[in-house]
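Below is one structure, written out as structure tokens; the observations come after it.
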Amino acid sequence: MIGCNFAIKTALDSVKREGKRKMDAEKSIEHVSLDDILEAGVALPQAKTFYYQLQNILSQTGDSRLETWQRISNDLLSPTHPHALHQLMYYSTYETWDISTQGPPLAWFPTPKTAQYTNLGRVLEKYGKKLLGTLYQSPLQSFPAFQKYSVQHPEVYWSIVFEELSILFHRQPTCILDKSDHSQPGGRWLPGAMLNIAECCLSPKKNKTNDSYAVVWRDEENDDSPLISLSLLEFRAKVSWVANALDKLQLQRGDAIAIDMPMDCYAVMIYLAIILAGYVVVSIADSFVPREIEMRLRISKAKVIFTQDKIVRGGKVIALYSRVIDAHAPTAIVLPSNGKSVSVKLRSGDLAWNTFMSFADDLRRPDQYIAVKQPVYSYTNILFSSGTTGEPKAIPWTHATPLRCAGEAWAHLDIRQGDVISWPTNLGWMVGPLVLYSALLNGATIALYKGSPLGRGFGKFVQDAGVTILGTVPSIVKTWKKTGCMDSLDWSRVRHFATTGEASSLDDDLWLSGRNRYKPIFESCGGTELGSAFVGGCPLQPQAFAAFSTPSMSISFVILNDSGIPYPDDQPCIGELAIIPTMLGASTTLLNADHNAVYFKNMPLYNGMPLRRHGDLLERMVGGYYKAHGRADDTMNLGGIKTSAIEIEQVCNRAHERVLETAAISMPPPGGGPEQLIIISVLKDGPPINAESLKQAFASAIHSKLNPLFKVSSVAIVPDFPRTASNKIMRRSLRSQFGKAGSSSNSKL
């Protein structure tokens, strides 16, 4: 485990530097002049008005930086102002703020009025005094006590959540958590329960009727066309038709069926139909090259795969079906990208979508299906998370995992009936299923854009669909900010933003929140094997940019020092995160690895219970806020995708004839944000070689043989690698060395 001393030391050095410096501004807000506002890009008449309004705010708020920013963000700044003005106001307001003693500067503040309409606020007003006794004062004041209560009394908390979500159990569990069952660390959740989580998604409930919209979507090729939508009744009928057709394939219940296609209406329909009929989804991202597809099909033993003939994304055409063929996939059911007819010739035995759907034509009611009822621990979905050996870990989700997803969204994203949630992702990554369950189990509508989320077309879809909760990935936000493609669009219906997958940049968060009059951004961090987040934001707490405000409801974790000893819960610190394993929906097995060895072996005990390994470095700041500092091991996060250094090195070692060996590391950019991939190379003897040509060779090899979403930021050439006594490359030493040399250019170290 604890072999992360160097990573902790490096992160601590960074934190010390961060704490000592003030906010990045040349002057404090009191000294901002009219000329500064003009220099930020505001025309003279408007600049004068802005300046006088600013002076009025400062005269009322005095030395209170929090109140000053609250007034400026609520009453003064607007999405039409240039980002340079937003930067001037934020950084100068907090110029004297000391992060090391005051915690992160706060960006958004809940009010008693907004709190009472949140899901958590309603529950606290209803049950607060009964559950918390004299500790209860109000939703805003008592949230920390309620979070701790949910950890100590999960049976009470989850009973409330299940009632809120109208979960349909065909057989009720004998209890919520059986702590006496030691077959699983932390106890056994929902023993004896029978249900079908897809049926729960498709059934009307107190917060969703048959007439409510289940899904709304648009293709990027039709950005100016009307939206297409399906009611819950219509959507359930289509899912049922797919389930009936699946039963004609003569598969066995529990067989694995893969999906390798964009997350559009059809993909979601197929996903739910597979589970409704008692089969298991195998999630494969549509960006994967044949080698990665083949590996996942082999590990999961998938019997069938759903795919598309091609993908059109950002104006580029990607031949998806040909990748599936090259992966030696089993029987493929191929959907047309144009919604009409398949544009390619199919292999013998493969089926066009229309042919497959016709299998149910002879049924009296093909639009109805009786859900297959299953024990709660039956598999529903196999997802993959990279390990450090080059083969991805195959992680089964059960019917319990979506309960965690939806409960997390209910509490921390405050998803309610009538919400419209859009989050550009894919069913191959955990956020895809998480969004599906979060929306449908909470009575919300899924808004799906089939195309690239990087351009204005996606932003226009957000506007036209009336999206109320917009999920993001930090690298996507960075592109929006850089290109200005979302300028002048109306996102006023967005109630708040959500983000996960990578470390966020403070300035990118400032830009995003400022796009919509400083609505909050709820950060979250979790893992595929956890089924959701362990730390995130909360609508009952002030939020800071690029930071988390609380452990997730019913979740408890510790931060370990370099000796494996937990820091006190209230102490600012940084170290390796370890989770207390009483977590509903978390994995209990792996298909291709020893679950206990991966997550529990050699972990310290905490209150007599083995801690669960996660591998992230986490910082607890003053005020109880948290910040992620990447991985403590040799795994890296690129574009929201966790991968291992070994996977990348295996590809790069064969990318150029002069390469003897490579080491892959990742580093955050100087201003913070998503990790950047750096390839360090040792060369064979020969004439000098340009690092730029190596970069092109590495980028091409990674694009074609691993994942086109992984971008090489820079390349360095070294005479040799630092190694351990057992001859392993010391990548952490390279990170330190490269960090000192700078990561802005390709170079020799």
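Derivation of every value follows stated rules applied to the coordinates shown; laboratory data play no part. Quick caveat: nothing in here was measured; it's all calculated off a predicted structure. As a convention, Cβ positions derive from the backbone with ideal geometry for all residues, glycine included, and neighbour counts pool all protein chains shown.
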Next item on the list: Filter the GluC sites (Glu not before Pro) in segment 611-687 down to the DSSP loop ones having no more than 12 other Cβ atoms within 10 Å, then list what survives.
Entry: Glu657
Checklist line | Extension reserve of the Glu155-Arg291 stretch, reckoned as 0.36 nm per residue once the Cα distance is removed | finding: 44.6 nm
Check: Applying 1/(1 + (r/R0)^6) with R0 = 35 Å to the Cβ-Cβ distance of Glu26 and Asn561, what FRET efficiency is obtained, to the nearest 0.05?
Finding: 0.40
Next item on the list: Within 10 Å of each residue's Cβ, count the other Cβ atoms and sort Asp509, Asp326 from fewest upward.
Entry: Asp326, Asp509
Notebook entry, point to check: For a label point 7 angstrom out from the Cα of Arg122 toward its Cβ, which stretches of segment 401-426 have the backbone nitrogen within less than 13 Å?
Noted result: 410-411, 414-419
Next item on the list: Please state the charge dipole magnitude for segment 222-344, taken about the Cα centre, from unit charges on C-beta atoms (+1 on K and R, -1 on D and E), reported in debye and rounded to the nearest 20.
Entry: 320 debye
Check: Sorted from fewest to most neighbouring beta carbons within 10 Å, what does the list His412, His83, His328, His629 look like?
Finding: His328, His83, His629, His412
Checklist line | Computed [θ] at 222 nm, deg cm²/dmol, the chain (DSSP H ≥ 4; -39,500 (n - 2.57); rounded to nearest 500) | finding: -9500 deg cm²/dmol
Note to self: Need the C-alpha centroid separation for segment 145-205 versus segment 609-651, integer Å.
What the structure shows: 29 Å
Next item on the list: Mind giving me the nanometre distance, one decimal, between the label points for Asn354 and Leu132, set 7 Å out from Cα along Cα→Cβ?
Entry: 6.0 nm
Checklist line | Pair Leu709, Leu38: separation of 7 Å Cα→Cβ label points (nm) | finding: 4.7 nm
Check: Given that compact globular proteins tend to follow 2.2 N^0.38 Å, what is the ratio of the alpha-carbon Rg of the chain to that value?
Finding: 0.95
Check: Which is farthest toward the positive dipole end of segment 510-593 among Ile579, Cys538, Leu591, measuring Cα position about the Cα centre, with Cβ charges +1 (Lys, Arg) and -1 (Asp, Glu)?
Finding: Cys538
Check: How would you rank Arg71, Arg654, going from fewest to most other Cβ atoms within 10 Å of each one's own Cβ?
Finding: Arg654, Arg71
Margin query: Which order do the peptides 292-299, 135-142 come out in when sorted by mean C-beta neighbours inside 10 angstrom, highest first?
Written below: 292-299, 135-142
Item checked: Cα convex hull of segment 25-96, projected area averaged across orientations, nm² -> 4.1 nm²
Next item on the list: Please give the length that would be gained between Asp75 and Asp720 if that part of the chain were fully extended, namely 0.36 nm times their separation in residues minus their C-alpha to C-alpha distance (nm, one decimal).
Entry: 226.5 nm
Notebook entry, point to check: Pulled fully out, how much extra length does the chain show between Tyr52 and Arg171, if you take 0.36 nm times their separation in residues and subtract their Cα-Cα distance?
Noted result: 36.3 nm
Margin query: What whole-number distance in Å separates the alpha-carbon centres of segment 513-560 and segment 68-137?
Written below: 14 Å
Check: At what distance in nm do the modelled label points of His328 and Leu660 sit from each other, each positioned 7 Å from its Cα along Cα→Cβ?
Finding: 3.5 nm
Notebook entry, point to check: How big is the charge dipole of the chain about its Cα centre, in debye rounded to the nearest 20, if each Lys and Arg gets +1 on its Cβ and each Asp and Glu gets -1 on its Cβ?
Noted result: 880 debye
Notebook entry, point to check: Under a Cβ-Cβ cut-off of 10 Å, what is the net charge of the residues other than Leu363 that fall near it, where Lys and Arg count +1 and Asp and Glu count -1?
Noted result: -1
Item checked: Kirkwood Rh (inverse of mean 1/r, distinct Cα pairs), segment 423-550, angstrom -> 14.9 Å
